[in-house]
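Read through the structure below, which is laid out as structure tokens, and then see the notes.
Read-outs: derived from the displayed coordinates by stated rules, not from any lab. Predicted model, so just to flag it, every value in this text is computed and none were measured. Ideal geometry is used to build each Cβ from the backbone, glycine not excepted, and the neighbour counts take in all protein chains shown.
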Amino acid sequence: MVSDRKNQTLKTIQTILTIPRGEIMVNRQRLAETFKFLAEIDSISREEGVLAARIREILSGMGAETWVDHAGEHVGGNTGNLIAKFTGNVSAPPLLLNAHMDTVEPGRGVTAVLKNGTFTSDGTTILGADDKSAIAILLETLYALKENNLTYGPLEVVFTVCEEIGLLGAKHLDFSLITAAYGFAVDATDTEGIVTRAPSANHLEFEIHGKDAHAGAAPEKGINAIVLAAKAIADLELGRIDEETTCNIGIIEGGIATNIVPNLVRVKGEARSHNEEKLNQITDRIVSSFKRVIEAYKGKASHDELPRVDIRIEKDFSRTDIPSDHSVVALATRAAENLGRKMKTKTSGGGADANVFFEKGILTGVLGTGMRDMHTVRESVNLDDMTRTVELLLEIIRLHATGEA
Ligand SMILES: [Zn+2]
């Protein structure tokens with residue numbers, strides 16, 4: 001009997017040892033319930049108030065100190081960003097953890113349906129796995145840390161508003177509340193990748209002012225703004241400029257009637273590059289093309305003020321470029337290795353809150369949750385993938401707290 005029990009105990013221990021470290025701690029049921037709970041609270045950009053309040057209750061219940069900053073007032077929303085701090089149980093540099101609370105349309109009245117281990121909406125709305133799968137993952141990670149008495153250092157958790165409408169929450173975040181110098185955002189798909197590079201982007205707007213006239217009675221008195229815009233655009237090299245640079249003209253609006261020479265056209269576009277100098281070059285090239293067309297017309301016209309082009313260039317977001325030997329990369333890579341998984345550094349073509357953090361000197365790698373088909377009614381996320389990311393984060397936090405990576 002005794003030896004039988006001994007064998008049994010040995011077997012149990014062997015089983016535990018062969019299970020990767022994270023797996024035994026994640027409560028999949030709770031993770032799924034948390035996600036469904038979050039997904040079914042409306043939180044369109046600028047309307048994240050109810051969701052923020054619910055998350056704040058959960059975090060306070062776990063013993064975090066929480067703040068809501070004043071970003072809501074700056075962006076015209078009903079809440080600011082939610083910040084929660086956990087002191088941890090060992091001293092280590094504070095680690096930033098981030099996800100965004102807002103979702104896109106159609107995102108009201110979401111029903112999260114779990115079928116064969118995958119969440120989708122009922123097909124009439126988005127699911128909001130972007131980025132509520134990340135919020136659920138971060139909350140489950142925190143639950144697991146607490147209830148398993150795991151070793152962890154200080155954590156600064158930032159849930160932003162208005163990411164989807166130009167990273168507005170992050171741009172207005174009260175950075176005086178943040179002391180972390182690096183960390184992780186969870187807002188991508190690949191559970192075996194970390195985004196360490198993302199481009200800078202400029203938003204470009206051109207208002208071309210011509211002169212209106214009756215197109216039949218006195219066309220020679222008019223200056224056709226549509227023609228000028230067309231000439232400026234036709235001369236441009238658009239699309240992919242090189243490996244790290246792209247640009248696009250995406251919106252053109254103008255004209256009132258077929259019998260009026262149009263006096264106003266608005267053209268909107270963007271340029272992106274991983275290289276700041278190239279971003280400036282391509283922006284200059286687009287601007288020059290519009291200016292050149294206006295100047296060329298003026299050269300032969302008698303009208304003095306017109307035509308004219310008003311140009312507005314705004315930085316949409318700054319680039320991210322985390323060196324491959326930085327702790328953020330080492331932590332993610334080592335954690336994945338310890339779990340028997342792969343981890344590759346990735347380049348993103350888009351902007352995320354992480355770009356804003358990078359600009360503020362907080363180096364933030366972006367991890368994936370397995371979410372797919374974001375911003376469509378077919379959006380989905382797999383519970384296995386979410387569980388994997390909780391495991392990864394638990395191992396990252398352990399390595400960070402113990403100084404092993
Ligand atoms: Zn997102």
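Of the residues making up segment 179-215, just one is surrounded by fewer than 20 Cβ atoms within 10 Å (Cβ to Cβ), hydrophobic (A, V, I, L, M, F, W, C) and over 30 Å from K231 (Cα atoms), namely A181.
Taking the stated definitions as given, is E205 more than 30 Å from E395 (Cα to Cα) and either without any contact (Cβ under 8 Å) to a residue 24 or more places away in the chain or not polar (S, T, N, Q) (or both)?
Working: more than 30 Å from E395 (Cα to Cα): yes; either without any contact (Cβ under 8 Å) to a residue 24 or more places away in the chain or not polar (S, T, N, Q) (or both): yes.
For E205, the condition - more than 30 Å from E395 (Cα to Cα) and either without any contact (Cβ under 8 Å) to a residue 24 or more places away in the chain or not polar (S, T, N, Q) (or both) - is met.
Identify, please: which residue in segment 379-403 is out of contact with any Leu (no Cβ under 9 Å at 6 or more places or on another chain) and not small (G, A, S) and is, among those, farthest from K36 (Cα to Cα)? Filtering segment 379-403 for residues that are out of contact with any Leu (no Cβ under 9 Å at 6 or more places or on another chain) and not small (G, A, S), the one farthest from K36 (Cα to Cα) comes out as T402.
The test for being in a strand (DSSP E or B) and not aromatic (F, W, Y) holds for D316. Hey, can you tell me all the residues within segment 139-166 that are touching a strand residue (DSSP E or B) at 6+ places or on another chain (Cβ under 6 Å) and crowded, with 24+ Cβ neighbours inside 10 Å? Passing the criteria: L155, V157, V158, F159, T160, E163.
For segment 282-301, state whether one or more residues are of a type in the set (S, T, N, Q), more than 16 Å from the ligand (Cβ to nearest atom), within 23 Å of L393 (Cα to Cα) and over 13 Å from the mean Cα position of the chain (by Cα). Checked against the condition, which is being of a type in the set (S, T, N, Q), more than 16 Å from the ligand (Cβ to nearest atom), within 23 Å of L393 (Cα to Cα) and over 13 Å from the mean Cα position of the chain (by Cα), segment 282-301 yields no hits at all. Applying a threshold of 6 Å to beta carbon distances and a minimum spacing of six or more residues, or different chains, the list of pairs starting in segment 119-146 at a residue that is in contact (Cβ under 8 Å) with a residue 60 or more places away in the chain and within 11 Å of the ligand (Cβ to nearest atom) and ending at one that is of a type in the set (G, A, S) and assigned to a helix (DSSP H, G or I) reads G128/A39; K132/A39.
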